[in-house]
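Some notes on the structure that comes next.
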Amino acid sequence: MGKSLRKRIEQLELIELLRKRLFYLSATFIGIAELIDILVIEHSRYNTYINIGIAAIMAITIAVYLLKQINIPTANSIVVFVILVDVIASPFLRLDHTELSSFFLRASLVVFAIIPYASFTIGKWHGAAIGIIYYINYIVVLLLSKNNFLLDTFAVITFVTVAFSLGIYILTSRLFAALYIQKDLIKSEQNHNKLLTEERNKLEKVNESKQRLFSIISHDLKNPFNTILGFVQLIEDDINNREYEDLKRHQVFLKQSTEKAYFLLQNLLDWAQTEQNTADFNPTRFSFNDLVAQVYELVCFELGRKKIVYYNRIDGSQMVTADRNMLFSILRNLFTNAIKFTPKNGSIEISSKKGNDSFEFRISDSGIGLAETEAERLFSGNHVPSRKGTDNESGTGLGLKICKDFIDFHKGQIWVQKNPDKGLSVYFRIPQQ
């Protein structure tokens, strides 16, 4: 936050604090003054009740404000209203009193005090409205009492009331205009700071993504291609030496390494699309088991290499509505992740169930599992560093993030649960139209 913005905010806070202090001071002073008036000055029973009522209203107003049931303008409005009613009503109880003129002048002083008070603590129009109400009250009292003093001072009271009310209105108008400008400047600067923060966060995210991409390209993508180049050289040697058995074996490994490199590249493309919000989403209806079979063909070599027992509990006739390419990427990443963390001679089981408005899939493994805190973070949106697999397999950490992003495209949910014995189960649920 800049110094100028902080200074403006401090000025507004000071004005609000002043309004609060004026409310506390006025309400407390009026309440105490009414109680002292009862004890010191002899009044009729009617006036005593009025004094007690005013003191009670002041106490209740303070209590209600402290309980945060009303704001400062409302609290100050109550104070002004009570004073105004008391001041305006009192002369009508003394129309035949010999000291009506002096009493009216004292009441006028109170009114001239609450005009600036109301203008500052409530609003500029309130002070002017009180001046108008006071002047109408003066005319009515004058007509009813026919008091000579009030009649002789008609011009003076008229001029003072109009000039004072107008002067306070002009001053408070300028003050409020300055306050509105300050508020607009603060809002504008806060919006500007918010935009700067958002842009900085975007740049930090882009920079983080760029560094992560370079890390993947320089390390994770480089290794498969080094392996491919090595097998190409071995195949060339096998051809030259006519070692056809080795050629077959190396060809299988070459295919496997190429598929791994392609899978990594596909994950990078999927990740880049989700980061840039450019992924195509085209849901269609298709056989889920056919898609699982397609994914199985790509991972069966790794399943066989680690001698993992595979159980498919999916109904062959089950249909699902989803983006086929996204669901394919989700399944392949979940299969790859399960194989990675399942030891040799372990097991992987998949199952699914379809309701009236949703489709749920589960893949469960007998692998090394995760700690409770790690499991909670897995799909939280925070980056979780990739771990080595049970056969020292490496990874980029992109797979599960892609799963989460693609499930979000479907407006679905994805979560993990620790198995009772060992391993982990990953679930996802997507809505069906």
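The values are calculated or read from the model by the stated rules, or taken from the named source; none is laboratory data. Bear in mind that the values here come from a model prediction, so they are computed numbers and not experimental data. Cβ coordinates were reconstructed from backbone atoms using ideal geometry, including for glycine residues, and neighbour counts include every protein chain displayed.
Which pairs do you get when a residue that is farther than 14 Å from A27 by Cα, found in the stretch 48-77, comes within reach of a residue that is surrounded by fewer than 18 Cβ atoms within 10 Å (Cβ to Cβ), reach meaning Cβ atoms under 6 angstrom, with the pair 6+ apart or on two chains?
What qualifies is T48/I38; I70/V64.
Among the numbered criteria (1) in contact (Cβ under 8 Å) with a residue 12 or more places away in the chain; (2) out of contact with any Gly (no Cβ under 9 Å at 6 or more places or on another chain), which single criterion is violated by I139?
The failed condition is (1).
Condition check ((1) among the charged types (D, E, K, R); (2) assigned by TED's automatic domain parsing to the domain that holds F328; (3) touching a residue at least 40 places away in the same chain (Cβ under 8 Å)) across all residues:
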site: R249; (1), (2), (3): yes, no, no
site: L254; (1), (2), (3): no, no, no
site: L265; (1), (2), (3): no, no, yes
site: D270; (1), (2), (3): yes, no, yes
site: T274; (1), (2), (3): no, no, yes
site: R285; (1), (2), (3): yes, yes, no
site: F288; (1), (2), (3): no, yes, yes
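Restricted to the stretch 109-161, and to residues that are not small (G, A, S) and not in a helix (DSSP H, G or I), which residue is surrounded by the most Cβ atoms within 10 Å (Cβ to Cβ)?
Once the filter is applied, the top-ranked residue is I122.
Filter the stretch 402-427 down to the residues that are part of a helix (DSSP H, G or I) and touching a residue at least 60 places away in the same chain (Cβ under 8 Å) and list them by number.
Listed by number, the residues that qualify are I402, C403, D405, F406, I407, F409.
Look through G389, G355, G423 and report the one residue that is of a type in the set (G, A, S), modelled with pLDDT of 85 or more and more than 18 Å from F281 (Cβ to Cβ).
Selected residue: G423, the only one of G389, G355, G423 that is of a type in the set (G, A, S), modelled with pLDDT of 85 or more and more than 18 Å from F281 (Cβ to Cβ).
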